[in-house]
């Protein structure tokens with residue numbers, strides 16, 4: 001993916017002019033890394049803040065637990081059902097970008113579900129027991145997928161060998177789905193930025209409603225500079241370049 005240049009982004013944020021302010025940990029959902037956005041955005045966050053930022057890529061559930069334990073100073077997650085625990089513990093939540101979930105699968109689409117609704121597609125895949133890859137990592141994507149199965153009255157804990165659990169991040173799981181010619185629920189940004197290497201897969205259907213909201217979390221006031229940066233025209237330019245949308 002081509003990096004978004006400063007000249008393309010409009011107004012630039014000011015670089016930090018003082019001494020390095022120390023090392024902090026950003027724990028973020030794996031799609032932040034796997035989409036390629038982290039490669040650009042973390043460097044810019046370091047430039048404007050003076051912090052050296054170590055990125056830990058985890059599913060949102062694990063990321064939230066790390067923040068609650070104090071193992072990271074800032075975080076990016078997309079699991080609204082779990083994020084309230086951070087807010088209750090005094091963390092500031094700032095939604096700053098979004099994308100959508102989509103179902104991808106084998107190019108020959110053995111389930112015959114291309115362009116059907118997501119619920120119809122899941123039901124047919126289940127009934128025919130076609131290979132399906134699940135992250136099984138308590139990530140935002142994993143929880144979204146489980147809610148879809150649940151809305152059909154289905155419990156994925158009862159599924160057979162056709163349902164493959166990875167306990168891995170988004171790109172690793174997509175690569176396994178590509179290898180196994182399997183269906184998988186993914187966020188659109190990781191898919192769009194990596195589809196050239198997923199040659200056995202194609203977009204099957206997108207989630208018709210509902211947005212996948214990513215929020216930035218911080219608790220200590222000195223990290224507000226990073227939250228403010230994510231709302232600048234420069235940061236928004238990077239975000240859009242990697243197939244995310246911005247939120248107000």
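Readers should treat all values here as calculations from the given coordinates under stated rules, not as data from a laboratory. Note that the coordinates shown come from a computational prediction; the quantities given were computed from them, not determined experimentally. Cβ placement follows ideal geometry from the backbone for every residue including glycine, while neighbour counts extend to all protein chains displayed.
Quick notes on this structure:
- Estimated Rh, the stretch 40-111: Kirkwood, alpha-carbon pairs, angstrom: 14.7
- The angle separating the long axis of helix 37-49 from the principal Cα axis of greatest extent in the chain is about 20 degrees.
- Set against the 2.2 N^0.38 Å expectation for a compact globular protein, the stretch 182-248 has a Cα radius of gyration ratio of 1.42.
- Secondary structure note: in the stretch 101-206, about 65% of the DSSP beta bridges are antiparallel.
- Sequence of 31, 215, 117 once ranked by neighbouring C-beta atoms within 10 Å, starting from the fewest: 117, 215, 31
- FRET efficiency for the pair residue 211 and residue 116, taken as 1/(1 + (r/R0)^6) with r the Cβ-Cβ distance and R0 = 22 Å, rounds to 0.55.
- Normalised Debye scattering of the stretch 104-248 at q = 0.08, 0.18, 0.20 Å⁻¹ gives log10 I(q)/I(0) of -0.26, -1.06, -1.24, counting only Cα atoms as equal scatterers and leaving out solvent.
- The chain: calculated mean residue ellipticity at 222 nm from DSSP helix runs of at least 4, using -39500 (n - 2.57): -10500 deg cm²/dmol
- Gaussian network model of the chain, Cα within-10 Å springs - most flexible of 134, 157, 194: 157
- Most mobile of 96, 159, 216 in a GNM of the chain (Cα contacts under 10 Å): 159
- Within a Gaussian network of the chain (alpha carbon springs, distance under 10 Å), most fluctuating of 26, 154, 67: 154
- Degrees separating the helix 170-180 axis from the principal Cα axis of the chain, which is the longest one: 30
- Scattering from the chain was approximated by placing one identical point on each alpha carbon and applying the Debye formula without solvent; log10 I(q)/I(0) at 0.10, 0.13, 0.15 1/Å stands at -0.49, -0.80, -1.02.
- Each of 45, 97, 170 has some number of other Cβ atoms within 10 Å of its Cβ, and from fewest to most they run 45, 97, 170.
- Share antiparallel - DSSP beta bridges, the chain, percent rounded to 5: 60
- Each of 135, 93 has some number of other Cβ atoms within 10 Å of its Cβ, and from fewest to most they run 93, 135.
- Förster radius 22 Å - calculated FRET efficiency between residue 129 and residue 107, Cβ distance, rounded to 0.05: 0.65
- Extension reserve of the residue 55-residue 69 stretch, reckoned as 0.36 nm per residue once the Cα distance is removed: 3.4 nm
- Gap separating the Cα centres of the stretch 169-242 and the stretch 115-163, nearest whole Å: 20
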